[in-house]
Amino acid sequence: MNAECQKLKDRIGGYDIRSLHSDLERLNTEGMRIKKEKDEAILRETEFKVKIKECRKQLQDEMFKDAERKHKNKCIELRTTQLACEDLNKYYVALNKAIMNYHQLKMKEINKIIKDLWIRTYAGNDIDYIEIQSDEDGDRGIEKTRRTFNYRVVMFKGDTPTDMRGRCSAGQKVLASLIIRLALAETFCLNCGILALDEPTTNLDRENISKLAHALIDIVQSRSEQRNFQLIIITHDEDFIELLGRSETVEHFYKVSKDNNAHSKITKLCISKLN
């Protein structure tokens, strides 16, 4: 027995019993903490397994079935739509630019005709010529979806432009309206070829009426080869009709009158009968 005790003492050697007890308690505490964490981890693992099982079951629903394939298809669809939108935007910008260039080209063409007709028709010397000017409404870039233009008629004396609104006589206003209509018809209605003027001599003096008649005759002669061209003039001014009849282009006119029964009738007459 003594030998066994001595043997144990030799094995213990110089260890401090109190220190060993302290280490034992510390290790027991650490072991309990680790065991607790292990139990908690096992519990969380169990919960995760249940959650994973539920998610896998949910993935079999119609909404989530083949989600990866559907997501891939939607990504392709999204990118395709983005590329299409980019192409459409490029097309819109190019088309808008082309429309603006066409607008400027047509405005120059219209104003050239207006200037020529005014110089040939207007008898006064206070206005050299007139033209239509367009101003874009607001500060809008070429990418904007809609464009709005404000059109105004200006008159020129020399190189000085002045707005015609409120600064011209009734006769000048009527003449400008007729000339602008003729210019618009000349520019945009080549395939239509029908132009109607209702009382074009209203508020015009005799000199301007004479020049208007000559301008209309020139227009008719220049368009005589166009098969579908028709110029319809509605007027009570027989002197104006007589002026038109001085050319070889116009020989007859139609007179609308009422008979004794108050019925309207149309009679074809020779312009020479007006004399």
Residues located in segment 207-265, provided they are of a type in the set (K, R) and either loosely packed, with under 12 Cβ neighbours inside 10 Å or in contact (Cβ under 8 Å) with a residue 40 or more places away in the chain (or both): K211, R227, K258, K265
In segment 119-130, residue surrounded by the fewest Cβ atoms within 10 Å (Cβ to Cβ) [restricted to those that are at pLDDT 90 or above and not in a loop (DSSP other than H, G, I, E, B)]: Y129
Selection from segment 197-255 of residues that are among the polar types (S, T, N, Q) and part of a helix (DSSP H, G or I): N208, S210, Q221, S222
Residue list for segment 211-249, restricted to those being β-branched (V, I, T), closer than 19 Å to T201 by Cα and under 45 Å from the mean Cα position of the chain (by Cα): I217, I219, V220, I232, I233, I234, T235
Meets criteria (within 30 Å of N150 (Cβ to Cβ) and touching a Gly at 6+ places or on another chain (Cβ under 8 Å)) for D128: yes
Selection from segment 136-173 of residues that are among the hydroxyl-bearing types (S, T, Y), farther than 22 Å from N101 by Cβ and at pLDDT 85 or above: T160, T162
Given (1) part of a helix (DSSP H, G or I); (2) touching a Phe, Trp or Tyr at 6+ places or on another chain (Cβ under 6 Å); (3) crowded, with 18+ Cβ neighbours inside 10 Å, number of the condition K115 does not satisfy: (3)
Every residue from segment 246-263 that is under 21 Å from L178 (Cα atoms) and at pLDDT 85 or above: F253
Leading residue by the ranking (farthest from N150 (Cα to Cα)) among those in segment 93-111 that are touching a residue at least 24 places away in the same chain (Cβ under 8 Å) and under 13 Å from the mean Cα position of the chain (by Cα): V93
Some residue of segment 131-150 being surrounded by 14 or more Cβ atoms within 10 Å (Cβ to Cβ) and more than 28 Å from the chain's Cα centre (by Cα): no
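The values are calculated or read from the model by the stated rules, or taken from the named source; none is laboratory data. Every value quoted in this text rests on a predicted model; they were computed, and no experiment measured them. Don't worry about glycine lacking a Cβ; one is built from the backbone with ideal geometry, like all the others, and counts go over all protein chains shown.
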